[in-house]
2 protein chains.
Amino acid sequence: MSVTIREIAQQAGVSRGTVDRVLNGRSGVKPEIRERILAIADRLQYVPNLAAKALAYNRKPIQIGIVMPPKEISFFDEIRKGIHAAEDELKGLGICLEYVYINNQLADEGARAIQTLIANGASGILFSAIDDEVNRVSIDKAIEQGIPVVTFNSDVENSKRSCFVGQDLGKSGEIAAGLMTRMFTGKAKVLVIVANMKFHAHRMRVQYFKEKLIQSEIEIVDVIEGYDRYDDTFRKLNESLKMYPDLDGIYMATGHAGACIDAVKLAGKGGHLRIVCNDLMPEVEQGLREGLIDFTIMQNPVQQGYRSLRILYDLIFNGKQPDHEFQYTDTSIMIAESL
Amino acid sequence: MSVTIREIAQQAGVSRGTVDRVLNGRSGVKPEIRERILAIADRLQYVPNLAAKALAYNRKPIQIGIVMPPKEISFFDEIRKGIHAAEDELKGLGICLEYVYINNQLADEGARAIQTLIANGASGILFSAIDDEVNRVSIDKAIEQGIPVVTFNSDVENSKRSCFVGQDLGKSGEIAAGLMTRMFTGKAKVLVIVANMKFHAHRMRVQYFKEKLIQSEIEIVDVIEGYDRYDDTFRKLNESLKMYPDLDGIYMATGHAGACIDAVKLAGKGGHLRIVCNDLMPEVEQGLREGLIDFTIMQNPVQQGYRSLRILYDLIFNGKQPDHEFQYTDTSIMIAESL
DNA sequence: CTGAAAGCGCTAACAG
DNA sequence: CTGTTAGCGCTTTCAG
């Protein structure tokens, strides 16, 4: 049987209430007694009992706020799946979730959501929105009030959030490069497509992709921006395909592949060009099935959702700090046969 | 606030004890009352409170037995890591684990372990040992006594285990084939190495590998068995490399790659031959780093450990049957850049 | 500043 | 066959 609060109380010659106060950092205990209790807890290697704690919290469940893009953004469905999985495991363990859907491109919506959640009594927040000064300030304010924030999928850098759960963008770019080198034995020309080089994620991927290819015989002929708009992407890629008729491969640093696929098909290059992609949106899945896309690099969104909620729970409930500021989810590779 | 056992008792006009009996399938309740309670619970959508249940079980924690190969088999370290991760989350939730290490090639050790565990009062068992009649019988006997068994990593087929958690072997073979087709544009000759075609796992991988390559221009020149012994593998592969000087690639359906790597190096083929491998034993990691191995196909052992314990817990504690008899872990692909 | 006691929802042992 | 009751370990009033 493991050690309880009651044993500590006995050994310290105080009541359980006092021990509770000390162990949970509540004020109002004579420093001398506090020290004594801490020492005993330490010596006995006290570990609070999760079930008991959760049960007691059932009177006033801990509220966790979740700020993320609306349901229409299908990419987040997977993340939500992961959150639900964690929620399922934590059901009846003294928490309740409150979702706030925001337009994650509008900075102040995120900031406002945080404030609302705090006003509603949230004890912790999961946050995914644009990396903007307004959000940074809002997060830091939450932290100062003792409300931990975990960012997921897209980070708000240099904010005081407990940690970020998401993809290792550098690795993602390097893997793309690695895949290219496996497909081409000698010289080759590849094109890179991003949504916008202003996006931190895409910039990072491209940067590491390039760096990794310096020592190789693979030449990057161009980096084009499609702004994740079908028309722009289609038109620009068409031009590029004409401009570089001897192109060997394409790296799509963005997950939106619909227009690319169509352009490649139109040019009659389907199956000839080697294509590496990101994520698993429906178009990408289709592209893999048709043999148009060779590889896609995953950021494991389900894991992102699951881990972020678990981490926040452990933090609030067990006071367990995440072991690293950056919690990277697996960067795995898929091919058609993986589907 | 969610519905409790007490409300059900009130509505049914009985005591909480009776409700508990019914809800937990214990005998000794008049059928008529049982029906009534069940109906009410159903109507109210009763969900038992995990924390309360776990806390009550703290008096007499539920014992879960774990039968697996000894610590010397390093492959299982990863699986154990996953089990520990799950254990960590379930700490204080009313369970205690008991490990039994066995030689998983000796059938009766597994069977005996099951019996010992049951005698010691285990309420559920995680099992990983050779697929043998003795084990099948022993598992089925446990099930008949109401003690659920979950097999992991290597299945005992057609036993009454609740489910198997491990790799989708067919997919693993198909992915290997898919990778080959991505590396070779035209005709190519590849060699397959297994430990033993008597191993179900290796037979399956090879079978699906072959089937997937039928429509391709890739020819499988031979399948050699190395029995996971360094000497045998090294010698046989040496011969093959001489016999097929124009070989293009190798598929190692086994995870033991040390001898293969050495033979390839000796033949001066390092970097020329395209190699696809399984798992991430130290030799494989080294091979990837040196650029000798192109791809390795993972079965996510950590996930295997984690999921099997979680599933068993949910089964025992929440009565939640696994949604499928085969719980496949991700079959992901790694390259050097993934490390 | 500290102690006492009630209660979170469920289980199990003991009466009846 | 069914009701009663004493916990499981922790939090949180309410007194003092």
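The values are calculated or read from the model by the stated rules, or taken from the named source; none is laboratory data. Treat the numbers as computed from the prediction; the structure is a model and nothing was measured. Cβ: placed from backbone, ideal geometry, glycine included. Neighbour counts: every protein chain shown. To get the accessible areas, we keep the full protein, side chains included, count just its heavy atoms, and leave off ligands, DNA and RNA. Shrake-Rupley method; radii C 1.70, N 1.55, O 1.52, S 1.80 Å.
Using per-residue counts of other Cβ atoms within 10 Å, averaged over each peptide, order B:22-35, B:159-172, B:47-60 from highest down. Walk me through the numbers on the way to the answer.
Numbers: B:22-35: 12.2, B:159-172: 21.9, B:47-60: 17.6.
Descending packing order for the listed peptides: B:159-172, B:47-60, B:22-35.
Starting from the Cα of B:LEU266, step 7 Å toward the Cβ, then list every residue of the range B:220-258 with an amide N under 12 Å from that point.
The answer is B:230-242, whose backbone nitrogens lie closer than 12 Å to the label point.
Sort shortest first the distances from B:ASN24 to its counterpart in every other copy, using label points 7 Å along the Cα-to-beta-carbon line, and give them in nm.
Ordered by increasing distance: 2.8 nm.
Give the whole-number value, in cubic angstrom per residue, of the convex hull volume spanned by the C-alpha atoms of the range B:218-310.
On the way: hull volume 9.9 nm³, N = 93.
Hull volume normalised by residue count: 107 Å³.
Averaging the inverse of every distinct alpha carbon separation and then flipping it gives the Kirkwood radius. What is it for the protein assembly as shown, in angstrom units?
The answer is 28.1 Å.
Along Cα-to-Cβ, 7 Å out, sits the label point; list in nm, shortest first, how far the one on B:GLY291 is from those in the other copies.
3.1
Against the longest principal axis of chain A, how steep is helix A:230-243, in degrees 0 to 90 to the nearest 10, with axes from Cα atoms?
Result, in degrees: 40.
Hey, can you find the accessible area per residue of the range B:297-339 for me, probe 1.4 Å, expressed in square angstrom? Intermediate values should be presented prior to the final figure.
Numbers: 1610 Å² over 43 residues.
Using a 1.4 Å probe on heavy atoms only, each residue of the range B:297-339 averages 37 Å².
Provide the buried accessible surface between chains B and A in square angstrom, both chains summed, 1.4 Å probe, rounded to the nearest 100.
Chain pair B/A: roughly 3000 Å² of buried accessible area.
Across the Cα atoms of the range A:118-268, what radius of gyration and what greatest pairwise Cα-Cα distance (Dmax) are found, in Å?
My reading of the Cα-based Rg and Dmax gives 19.3, 61 Å.
Can you give the average number of partner chain beta-carbon atoms within 10 Å of each beta-carbon in peptide B:79-92, as a whole number? Intermediate values should be presented prior to the final figure.
Details: counts 0, 0, 0, 0, 0, 0, 0, 0, 0, 3, 6, 3, 6, 10.
The shielding value for this peptide is 2.
Lysine pairs in the range B:187-311 with Cα distance under 18 Å, only those 8 or more apart or on different chains: how many are there?
13
Cα to Cα, under 25 Å, and not fewer than 8 places away if on the same chain: which lysines meet these conditions relative to A:LYS91?
A:LYS53, A:LYS60, A:LYS71, A:LYS81, A:LYS320, B:LYS53, B:LYS60, B:LYS81, B:LYS91, B:LYS320
Separation between the A:ASP222 and B:ILE33 pseudo-spin-labels, each 7 Å from Cα along Cα→Cβ, expressed in nm?
It is 8.1 nm.
Output, in nm with one decimal and in ascending order, the distances from the B:GLN215 label point to the matching label points of the other copies (7 Å from Cα along Cα-to-Cβ).
Spacings between copies for this position, smallest first, are 3.9 nm.
Please work out the Cα center distance from the range B:170-213 to the range B:61-120, rounded to the nearest Å.
The range B:170-213 and the range B:61-120 have Cα centres separated by 32 Å.
If you look at just the Cα atoms of chain A, how large are its Rg and its Dmax in Å?
Cα-based Rg and Dmax for chain A come out at 24.9, 84 Å.
Rounded to the nearest 0.05, what FRET efficiency do A:LYS60 and B:LEU339 have when you use their Cβ-Cβ distance and R0 = 45 Å?
Details: r = 46 Å, r/R0 = 1.03.
E(calc), rounded to 0.05, equals 0.45.
Placing +1 at every Lys and Arg Cβ and -1 at every Asp and Glu Cβ, with all other atoms neutral, what dipole size does the range B:169-298 have around its Cα centre, in debye to the nearest 20?
Approximately 200 debye in magnitude.
With r defined as the distance between the Cβ atoms of B:ASN196 and B:GLU144 and R0 fixed at 25 Å, what FRET efficiency is calculated, to the nearest 0.05?
Working: r = 33 Å, r/R0 = 1.31.
Between B:ASN196 and B:GLU144 the formula returns 0.15.
So what's the range B:1-137 giving for Cα Rg divided by 2.2 N^0.38 Å, two decimals? The partial results should precede the final answer.
Values: Rg = 20.0 Å, N = 137, 2.2 N^0.38 = 14.3 Å.
Ratio of Cα Rg to 2.2 N^0.38 Å: 1.40.
Please report, in debye to the nearest 20, how large the charge dipole of the protein assembly as shown is about its Cα centre when each Lys and Arg carries +1 at its beta carbon and each Asp and Glu carries -1 there. Before the final figure, lay out the partial values.
On the way: 80 positive and 90 negative charges, 472 e Å.
Roughly 2260 debye for the protein assembly as shown.
Across peptide A:327-339, how many C-beta atoms of other chains are within 10 Å of each residue C-beta, on average? Intermediate results must be reported in sequence, preceding the final value.
Numbers: counts 0, 0, 0, 7, 4, 8, 11, 6, 9, 5, 15, 9, 1.
Average per residue, whole number: 6.
Under a 5 Å amide H to amide H cut-off, with H placed in plane at 1.01 Å, what residues pair with B:ARG274 once short-range neighbours are removed?
B:GLY249, B:ILE250
Nearest 10 degrees is fine. How inclined is helix B:200-213 to the longest principal axis of chain B, computing both from alpha carbons?
It is inclined by approximately 60 degrees.
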